[in-house]
Amino acid sequence: MMNIKSKNEEFALFNQLSAEWWNENGKFKILHQIKGQRMTYILDQINKENIKKLKILDIGCGGGIICEPLARLGAKVTGIDFAPNNINAAKIHSKKNKLKINYIYKDIEKSKIDEKFDVILMFEVLEHLDNWKKTITKIKKNLNKNGIIIISTINRNLFSKLLAINIAENILNWIPKGTHDYNKLIKPEELKKVLLQENFHFKNIKGLVFNPLSREWKLSKNYMINYFCTAKLIN
């Protein structure tokens with residue numbers, strides 16, 4: 001019988017780690033290392049020239065690692081997270097850097113959002129939800145006409161179990177132990193199927209890989225483990 005981590009366990013872990021968000025050598029060091037690749041992928045998927053006109057929602061924003069660079073580029077950014085300590089950390093850091101970001105403490109699975117956005121980001125979020133398929137059905141109502149959703153998550157296979165969990169969490173300590181539950185990881189074909197059913201056009205998929213020689217992360221055609229994907233709502 002599969003032992004799937006509960007939502008309460010997910011909450012306790014992330015709420016406890018909230019003070020680590022802006023420590024570039026702390027528990028979330030890896031997120032600072034891949035921030036450039038995340039931003040590159042986002043900017044490749046949107047009209048960079050019009051970013052100042054875009055309303056962007058970052059679901060599961062954590063301490064605001066992606067919200068802040070988007071706000072600096074002029075986007076109107078809202079970040080939501082289900083851990084109140086994460087939101088507090090994000091608010092403090094953005095205020096210190098004089099950035100105008102709308103941070104909201106909200107559980108996307110239990111609450112609804114009234115606003116509409118041009119872009120919705122869900123980075124490393126779906127694999128922590130109790131019902132990710134239902135959440136996609138729900139949040140598409142928050143997209144404007146021709147809006148896009150950009151997702152990053154982890155593939156489910158023996159390679160990802162070995163590298164993303166056994167090695168990354170338990171040996172290299174890249175991310176806190178217990179961050180991921182293998183049974184909640186999502187295969188790209190599963191995600192694509194749900195997006196198509198929800199009237200999205202599946203636009204793009206890219207992998208994120210680590211080069212052990214250069215010790216750098218890069219976007220790749222290989223999405224065996226970590227991957228990004230983009231889908232546009234068909235109105």
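No lab work stands behind these numbers, since they all come straight from the coordinates. Every value quoted in this text rests on a predicted model; they were computed, and no experiment measured them. Backbone-built Cβ (ideal geometry, glycine too); neighbour counts: all protein chains shown.
Points worth noting:
- For HIS201, nonlocal amide neighbours, meaning residues 5 or more places apart or on other chains whose placed amide H falls under 5 Å from its own, are LYS232, LEU233, ILE234.
- Simple Cβ-charge dipole of the chain, Lys/Arg +1 and Asp/Glu -1, about Cα centre, in debye nearest 20: 680 debye
- Sorted by Cβ neighbour density within 10 Å, fewest at the top, the residues LEU195, LEU99: LEU99, LEU195
- Contour minus Cα-Cα distance for TYR105 and GLN33 (0.36 nm per residue): 23.4 nm
- Inter-label distance, nm, simple model (7 Å from Cα along the C-beta direction), LYS221/ASN157: 1.5 nm
- Dipole-positive endmost among PHE82, PHE123, ALA71 within the chain (Cβ charges, Cα centre): ALA71
- Label corresponding to Rg and Dmax of the Cα atoms in Å when calculated from the structure given, among [x] 16.7, 51; [y] 17.7, 56; [z] 17.7, 50: [x]
- DSSP-defined beta bridges in the chain - what % are antiparallel, rounded to 5: 50 percent
- The stretch 77-116 and the stretch 119-161 have Cα centres lying 18 Å from one another.
- When each of LYS96/LYS192; LYS48/LYS221; LYS98/LYS145 is checked by Cα-Cα distance, pairs over 29 Å: LYS96/LYS192; LYS98/LYS145
- Working note: Karplus 6.51/-1.76/1.60 with θ = phi - 60° gives the stretch 40-45 the couplings 4, 5, 4, 5, 6, 9 Hz, where Gly and Pro are set to x.
- Label-point separation in nm, ILE92 to LYS112, each point 7 Å along Cα→Cβ: 3.5 nm
- The stretch 7-233, relative contact order in percent, only Cα pairs under 8 angstrom and at least six apart counted: 18 percent
- Segment LYS187-ASN204, length gained on full extension (0.36 nm per residue, minus Cα span): 4.6 nm
- Fewest-first sequence of ASP118, ASP130 by Cβ atoms within 10 Å of each Cβ: ASP130, ASP118
- Burial ordering of ASP114, ASP107, ASP181, fewest other beta-carbon atoms within 10 Å first: ASP114, ASP107, ASP181
- Net length gained if the chain between ILE234 and ASN50 were fully extended (0.36 nm per residue, minus Cα distance): 64.2 nm
- Sequentially through the stretch 199-206, phi angles give Karplus couplings (6.51, -1.76, 1.60; θ = phi - 60°) of 6, 9, 9, 6, 8, 7, 9, 9 Hz, Gly and Pro residues having no value and appearing as x.
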